[in-house]
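A quick write-up on the structure given underneath.
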Amino acid sequence: MPRRPAIAALLAAALLPASALALPPLHEAFAGYFDLGAILSRTTIEVPEVTALAATHFNTLTHENELKWHRVQREEGTFTFAEADRIIAFAREHGMQLIGHALCWHQQAPDWIFQGPDGEPASPELLLERLRMHINTVVGRYRGIIDIWDVVNEPAHPGWEESERIYRDSPWYRILGPDYIAHAIRFAREANPDIVVLINDYDAWWPAKYPRIIRIIEDLRAAGEDIDALGMQGHWNILSPTAEQFETALRAYRRLGVPIHLTEIDVSLYQWHEREDTFPDGPTDDVLQQQADHFRSLAEVMLRHHDLIDRVSFWGVSDRYSWKNNFPARGRPDHALLFDRDYQPKPILHAFVEAAHAHRAAQPPREP
Ligand code: GLA
């Protein structure tokens, strides 16, 4: 492991609560099993408590938004990399592996991408050329710096019901058909033949959804392309997925023969249909323990399948800066991450580490 520069330690010592300072680096608990990831954004990179925790406890880093199309190429042909580069410099300074997120997605993508000069939808030729130009520019710029890319984000039909539909009805799909995925991957490999290519999707454990994701990869292979790893986003909650549902999906994905990255973990205290703030005075010890117990059961599955899992990334560091505070209920505080609003480690963090120690005691990992 690279040594952490003294600056992070100094900042941490000045700002973080004693409970956070007393923690050994979290990623060390998982050494030999999988890498541990966090995110930074243009906002959180300004917060010394967050950067100190990120640099100390995680060994991979993803940009929350700064490499998405709407930030990098808001207007056609004008590329802006300053915000992304700042986060990249941070990761390099702290010896963290970078993950590129996300090249081809239907959200946080400016409207112009999908429009032709006449205001009608872009032609397939025009859209494909824009996709090529964007991916070539972004992946090419970071050749040798970012080696792992979420190339296509959320391509699977999201419905919770059983359905014949496999692909999400996005503008990419409507204009280019399913081949847009193979094209995006090909463009990425042209720009950097050495990258690890991921398709990344949410609810990837859901019984009606994981077969769609598998089918998309089979279609991709039939079209002569492939992924190098599969991203399961992991925006989970206190009840779901169950450990059994998660493990069933992992077993099915195992047959694809590529590693899994758990790319965007948070564990909401709320189920999807709940919109009230049940904890206006802050979460109770009971609910935090319930969150911890549930996550421990999922962590045990991760550890049992550590040979399949290359990375476990959390979609945030502290509950103070989590998208879950605004989604699906705007302004309702959620408490979905490992560190609370005051940067204190939570029971979910301790449960995660305890699961690793217990697994190691029972079954030590092989030497690298
Ligand atoms: C998806 C995307 C992420 C992020 C989250 C919500 O999962 O892949 O980039 O936007 O939604 O924050």
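Structure notes:
- Longest site-free stretch - the chain; sites: trypsin sites (Lys or Arg not before Pro), DSSP loop, at most 13 other Cβ within 10 Å: 166-254
- Taking every Cα-Cα distance in the chain and sorting them into 10 Å bins starting at zero, the pair-distance distribution P(r) comes out as 5, 24, 34, 26, 10, 1, 0 percent.
- The range 229-286: relative contact order as a whole-number percent, Cα under 8 Å and 6+ apart: 53
- Here the relative contact order of the range 5-362, from alpha carbon pairs under 8 Å that lie six or more residues apart, stands at 16 percent.
- Full-stretch length increase - Thr248, Arg221 - with 0.36 nm per residue and alpha-carbon distance subtracted: 7.4 nm
- Using equal-weight Cα scatterers in the Debye expression, the normalised intensity of the range 1-157 in log10 at q = 0.14, 0.15, 0.20 Å⁻¹ is -0.75, -0.83, -1.22.
- ³J(HN,Hα) computed for each position of the range 172-179 - Karplus, 6.51 cos²θ - 1.76 cosθ + 1.60, integer Hz, glycine/proline x: 4, 6, 4, 8, 10, x, x, 5
- In range of the label at Thr137: residues from the range 29-68 whose backbone nitrogen is under 17 Å from the point 7 Å along Cα→Cβ: 66-68
- Residue range of the chain that is longest and free of GluC sites (Glu not before Pro) which are both DSSP loop and sparsely packed (at most 13 other C-beta within 10 Å): 165-275
- Rounded to the nearest 500, the helix-only mean residue ellipticity at 222 nm of the chain stands at -11500 deg cm²/dmol, with each DSSP H run of n ≥ 4 adding -39,500 (n - 2.57).
All of the numbers you see were taken from the coordinates with simple rules; none came from a lab. Just so we're clear, the structure is a prediction, and the values are computed from it rather than from any experiment. Ideal geometry is used to build each Cβ from the backbone, glycine not excepted, and the neighbour counts take in all protein chains shown.
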